[in-house]
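Report on the following structure.
Throughout, read-outs are computed from the coordinates displayed, never taken from laboratory work. Fair warning: this is a prediction, and the values are worked out from it, not measured in the lab. Cβ placement follows ideal geometry from the backbone for every residue including glycine, while neighbour counts extend to all protein chains displayed.
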Amino acid sequence: MKSETIVSGARASGKLHIGNYLGALKQWLELQKKETTQCYFFIADLHGMTTSFNPKELSSNTLDVAATYLAAGIDPKKSIFFLQNHVLEHATLSWVFNCLTPLGELYRMTQFKDKAQSEDQANSGLLTYPILMAADILIYKATAVPVGDDQTQHIELARTVARKFNNRFGKIFPEPQTYMRKPLRIMSLTDPEKKMSKTGDEALLMDDEPKEIMRKLKKAVTATEGGKKSPGVENLFLLLEHFGTKEQTDYFRGQQKNDSLKFSELKEILARDIGNYFVEYREKKQELLGKKEYLAEVLADGANRAHKVAAQTLFEVKQKIGLL
C-alpha cells in the first residue's frame, strides 16, 4: 500500500519554459519513481478560467501541455494523469469548502491581491480559486503537495480548510504538507532581476530548437553597474549547473575568477547543452501531438482512475454533512 499521496496541478497557459521544467516538472518525475508514493498530476484547466482566456487557445494549450508532460516522462501507468474538469468531484467539493470558508481568509491571499490589480475585471473565480485548489488536494487525501514558495500560503489554507471540516463534521482529511526542495528561481534572460516568464526572448522554452536557444542566449543580459555581481551571469551559471557538466562549470568559474570569462563561449556551450538535453523530448512531443486520439485516451483513463478515488471521498463528505 502507498504510504504517501502527492497531488500537483499545472495550468494550461502555453508552452513550458525551462524554469517550469526545473522548478516543477522535473520534481514530478522524481516523485513518480518512488514505490511508496501515489502521484496525482493534473492539468488545471478550471483554474485557467480565472483570468482572461480564449476558448480555442485553452483547448490547444491543454493538448500541448498534456503532450509536454508525457514526452518529458510522466508515466500514466505509474502516476494518475488527467484533466481537472473531467473529474467533477473537484468542483463539488470546492462548493462545500466555499460554504465553510470566511471571506476574510480569501481576501488576505497575496496572489489574489496581486492578480486583482493586474486584471481589468477581477472575477469571483479569482477570489475563490484557492478553495478549488484546496478541493483539488483534499479530494485525494493528499499528504504532501510539491509547490514553489509563492504557493505556500495556499497550502496553508488547504490545511485550515481540512482542520475546519474535520473539527466540525468528523475527521476525513489529512492536513497536507508542502513538499519543497531548495528554492529554485530561473530568471529572465533579458531582465534577470525578475523570474522567467513565457513572453518573448526572456524565456528558453522546452520546445526551442538549438538555433533558437542560441539566438535567445546571445541576447541574455550579462552587464551590471557599479561593480555589483551580475544576476544575468549568475543565471547563466545556474543553467549550466543543471544542463552542463561539473567540468564545464569549474572551467567557466575559473575564467570568471580570473576576469577572463568569454560570454560568447559560455553561451555557445550552454546552448548546445540545453539543446541536447531536450532533443529526445522534442522528438517525442511531436510524435504525441500527431496522436491526439491517444492523448485523449490517456487523459480519459487517468480521469476514470481519479474519479474512483474522488467519488469515494465525496461520498464520505456527503455522509458527514447530511447530503443524501
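Calculated from DSSP H runs of 4 or more alone, at -39500 (n - 2.57) each and per residue, what is the 222 nm mean residue ellipticity of the chain, nearest 500?
After summing the helix terms and dividing by residue count, I get -17000 deg cm²/dmol.
Loop-only check: which GluC sites (Glu not before Pro) in segment 13-109 are DSSP coil with at most 15 other Cβ within 10 angstrom?
Glu35
Compute the FRET efficiency between Arg272 and Gln312 as 1/(1 + (r/R0)^6), taking r as their Cβ-Cβ distance and R0 = 51 Å, and round to the nearest 0.05.
Working from the Cβ atoms, E equals 0.55.
Using modelled backbone amide H atoms (1.01 Å from N, in-plane), which distant-in-sequence or interchain residues come within less than 5 Å of Met196's amide H?
Ile186, Met187, Ser188
Fewest first, what order do Lys164, Lys267 take by the number of other Cβ atoms within 10 Å?
Values: Lys164 16, Lys267 20.
In order of increasing Cβ crowding within 10 Å: Lys164, Lys267.
What spacing in nm lies between the two simple spin-label points modelled at Glu30 and Lys78, each 7 Å away from Cα in the Cβ direction?
Going from the Glu30 label point to the Lys78 one covers 1.4 nm.
To the nearest 10 degrees, how steeply does helix 292-321 sit against the main Cα axis of the chain, on a 0 to 90 scale?
Result, in degrees: 40.
Taking 29 Å as the cut-off for C-alpha to C-alpha distance, list the pairs among Lys78/Lys320; Lys211/Lys285; Lys141/Lys246; Lys34/Lys141; Lys77/Lys267; Lys33/Lys285 that go past it.
Over 29 Å apart, Cα to Cα: Lys78/Lys320; Lys141/Lys246; Lys77/Lys267.
Under 10 Å, Cα contacts only: if you run a Gaussian network model on the chain, which one of Gln286, Gln255, Gln312 comes out with the highest mean-square fluctuation?
The residue that fluctuates most here is Gln255.
What whole-number volume per residue, in cubic angstrom, does the convex hull of the C-alpha atoms of the chain give? Display every interim value, and only then the final one.
Numbers: hull volume 50.4 nm³, N = 324.
Dividing the Cα hull volume of the chain by its residue count gives 156 Å³.
Just to confirm the filter: which GluC sites (Glu not before Pro) across segment 197-261 are DSSP coil and have at most 15 other Cβ within 10 angstrom of their Cβ?
On the way: sites: Glu202, Glu212, Glu225, Glu234, Glu241, Glu247; in loops: Glu225.
Answer in residue order: Glu225.
Contact order normalised by length for segment 196-324, with contacts defined as Cα pairs under 8 Å and 6 or more residues apart; what percent is it?
23
What does the convex hull of the Cα atoms of segment 61-117 come to per residue, in Å³, rounded to a whole number?
Residue-normalised Cα hull volume stands at 145 Å³.
PRE reach from Asn54 (point 7 Å along Cα→Cβ): which of segment 1-32 fall under 20 Å by backbone N?
Output list for this probe position: 11-17.
Could you size up the charge dipole of the chain around its Cα centre, putting +1 on the beta carbon of Lys and Arg and -1 on that of Asp and Glu, and report it in debye to the nearest 20?
Numbers: 46 positive and 41 negative charges, 146 e Å.
Result for the chain is approximately 700 debye, rounded to the nearest 20.
Compute the helix-to-body angle for 124-138: its Cα long axis versus the longest principal axis of the chain, expressed 0 to 90° and rounded to tens.
Computed tilt is about 80 degrees.
For Ala144, enumerate residues with amide H under 5 Å from its amide H, sequence gap 5+ or separate chain, H modeled in the peptide plane.
Hits under the 5 Å cutoff: Thr5, Val7, Gln177.
Could you tell me whether segment 208-277 comes out rounded, prolate or oblate from its Cα gyration tensor? Rule is a ≥ b ≥ c as square roots of the eigenvalues, rounded for a/c under 1.5, then prolate if a/b exceeds b/c, otherwise oblate.
Details: a/c = 2.11, a/b = 1.35, b/c = 1.56.
Oblate is the answer for segment 208-277, as a/c is 1.5 or above yet b/c matches or exceeds a/b.
Can you sort Lys33, Lys141 so the residue with the fewest Cβ neighbours within 10 Å comes first?
Exposure proxy ranking, most exposed first: Lys33, Lys141.
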